[in-house]
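Q: Once you've had a glance at the structure underneath, I'll fire off some questions.
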Amino acid sequence: MKIVGLITEYNPFHNGHLYHIHESLRITGADAALVVMSGDYVQRGTPAIMPKRLRTEMALYCGAGAVLELPVCYATGSAEFFALGAISLLDSLGIVDSVCFGSECSDLPLLQIAGLLVDEPEQYREILRHELKLGKSFPAARQTAVVFCTGDPRCADILKDPNNILGIEYLKALKKCGSSIRPYTIRRKGAGYHSSQLDGLYSSASAIRSLLAYSSSSIHTEFAGDDSTELSFSDILNELGNQVPKKCLELLSDFHKIQYPVYQNDFSLILKYKLLNKHPKSLVRYMDVSPELAARICTSLNDFFNYKQFAGLLKTKELTQTRINRALLHIMLGIKKDSVSEYMNSGYNFYARLLGFRKDCSQILTEISKKSSLPLLTKLAESRELCELGQRMLRDDILASNLYTSVVTDKFKTAFLNEYKQRIIKI
């Protein structure tokens, strides 16, 4: 059985994701697609707009063979950690032949600047240090250093686009892991990653999230605009009718204001509580928190109004908004630098946690059970056999999910279901 691995967030699932699944199967000749997906929090440092199991169900109905959860410490990490966590997980399964990712340039040879970023020759490091001293953000400094070392000005444009950057990190991770998985890339269709407007049949997830923000305007957790009251939910579904697969539209309709939409501001009191108990020296223990950011957080706390506003208040020229979002999320979820360092130095992953699968693709699970170097977790009770580090990583995953579910149930006044009681999605 030939398997292609896909690394995803599906936040939420749309036509571009459907195209990615079908095209990946076509160009790799794979029999099935195995998805590694972020759980309830995503790489830009925010909660996902809807729970992981709802997004899993969408993916399975749209052609994914099975969906595994990417541990939260990697799902909310920088592009480098996100890629290393996902690629190492796919590699450890022992059944994945290829990985296919979307990119803006769709030029695999050009994306091979990954080799430069893995080796980091002295010239590259020297230029990077110089640019950082000038006050540039890390992405901008890296862009300058790569262009200088490669002599290829096209690299500047490549390193501006988020999917290209992730693609480069996937290639770096394959090299670091010594993996035999073969990489493929396809051109991202339709609107740009950050586009906030619907565009043809292939709008960005950002645009779809922006539209769904109108659907929760009455709950006052995400401001959608002055005319938000003019859009009914049926209007929104009509707008999305040609943007998402039919089954996804049905699920959006069925679970609206039952499981979604969820936003940063829904976690405002939880974050503020966590920050009130901290001081700068304790904050720097968390991933993505520098001493400067820790001091800024503490001195700005009196001006905390809500999660999103506070994250914006912390923005500086040197720190990207995404970096700040991730830092605050790591503080809230308790994801510490020392723990992540231990995980990465001990093989990255300790289990493969199954979220769902298609019954006609159950052979994937049989193959994983035979060939994987990691245990396949289908029930949390099975975690007792994990090593100490694995149990710690899983506890973080469970806590993060239970926190998310608590927010959802409080917001929409639905019954809470502990992560231990949640079932695998089967279709």
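Q: Could you tell me which residue of region 103-115 is most open to solvent (accessible area, probe 1.4 Å), considering only residues that are in contact (Cβ under 8 Å) with a residue 12 or more places away in the chain and closer than 22 Å to SER180 by Cβ?
A: Looking at residues that are in contact (Cβ under 8 Å) with a residue 12 or more places away in the chain and closer than 22 Å to SER180 by Cβ, I get GLN112.
Q: Next question, about the same structure. Can you tell me which residue among LEU417, LEU377 is under 13 Å from PRO51 (Cα atoms) and either surrounded by fewer than 18 Cβ atoms within 10 Å (Cβ to Cβ) or in contact with a strand residue (DSSP E or B) (Cβ under 8 Å, 6 or more places away or on another chain) (or both)? If you could, list the steps in order and put the result at the bottom.
A: On the way: LEU377 fails: under 13 Å from PRO51 (Cα atoms).
Result: LEU417 is the single residue among LEU417, LEU377 that is under 13 Å from PRO51 (Cα atoms) and either surrounded by fewer than 18 Cβ atoms within 10 Å (Cβ to Cβ) or in contact with a strand residue (DSSP E or B) (Cβ under 8 Å, 6 or more places away or on another chain) (or both).
Q: Here's something else I'd like to know. Give the residue that is farthest from LEU377 (Cα to Cα), with candidates limited to residues of region 311-361 that are of a type outside the set (A, V, I, L, M), free of Cβ contacts under 8 Å to residues at least 40 places away in the same chain and open to solvent by less than 50 Å² (accessible area, probe 1.4 Å).
A: Top of the filtered list is THR316.
Q: Right, here's the next one. Could you identify the single residue in GLY85, GLY77, GLY94 that is in contact with an Asp or Glu (Cβ under 9 Å, 6 or more places away or on another chain), more than 13 Å from ILE181 (Cα to Cα) and modelled with pLDDT of 95 or more?
A: GLY77
Q: Which ones in region 1-23 are open to solvent by 20 Å² or more (accessible area, probe 1.4 Å) and among the aliphatic types (A, V, I, L, M)?
A: Hits for region 1-23 are MET1, ILE7, LEU18.
Q: Right, something else. Pick from region 235-275 the residues that are outside any helix (DSSP H, G or I) and in contact with a strand residue (DSSP E or B) (Cβ under 9 Å, 6 or more places away or on another chain): which of them is farthest from ASN402 (Cα to Cα)?
A: Step one: list which residues in region 235-275 are outside any helix (DSSP H, G or I), which gives 241-245, 256-263.
Of the ones still in play, those that are also in contact with a strand residue (DSSP E or B) (Cβ under 9 Å, 6 or more places away or on another chain) are 262-263.
Details: VAL262: 14, TYR263: 16 Å.
Once the filter is applied, the top-ranked residue is TYR263.
Q: Take the conditions out of contact with any Pro (no Cβ under 8 Å at 6 or more places or on another chain) and part of a loop (DSSP other than H, G, I, E, B) and apply them to GLY63. Does it pass?
A: yes
Q: Any residue in region 63-71 that is surrounded by fewer than 21 Cβ atoms within 10 Å (Cβ to Cβ) and either in contact with a Cys (Cβ under 6 Å, 6 or more places away or on another chain) or at pLDDT 95 or above (or both)?
A: So far as region 63-71 goes, yes, one or more of its residues are surrounded by fewer than 21 Cβ atoms within 10 Å (Cβ to Cβ) and either in contact with a Cys (Cβ under 6 Å, 6 or more places away or on another chain) or at pLDDT 95 or above (or both).
Q: Being modelled with pLDDT under 95, surrounded by 15 or more Cβ atoms within 10 Å (Cβ to Cβ) and part of a helix (DSSP H, G or I) narrows it down to one residue among SER383, SER401; which is it?
A: Among SER383, SER401, only SER383 is modelled with pLDDT under 95, surrounded by 15 or more Cβ atoms within 10 Å (Cβ to Cβ) and part of a helix (DSSP H, G or I).
The values are calculated or read from the model by the stated rules, or taken from the named source; none is laboratory data. In this text, all values refer to a predicted model and were calculated from it rather than measured experimentally. Virtual Cβ from ideal backbone geometry, glycine too; neighbours counted across all protein chains shown. SASA here: full protein model, heavy atoms, side chains in, ligands and nucleic acids out. Shrake-Rupley method; radii C 1.70, N 1.55, O 1.52, S 1.80 Å.
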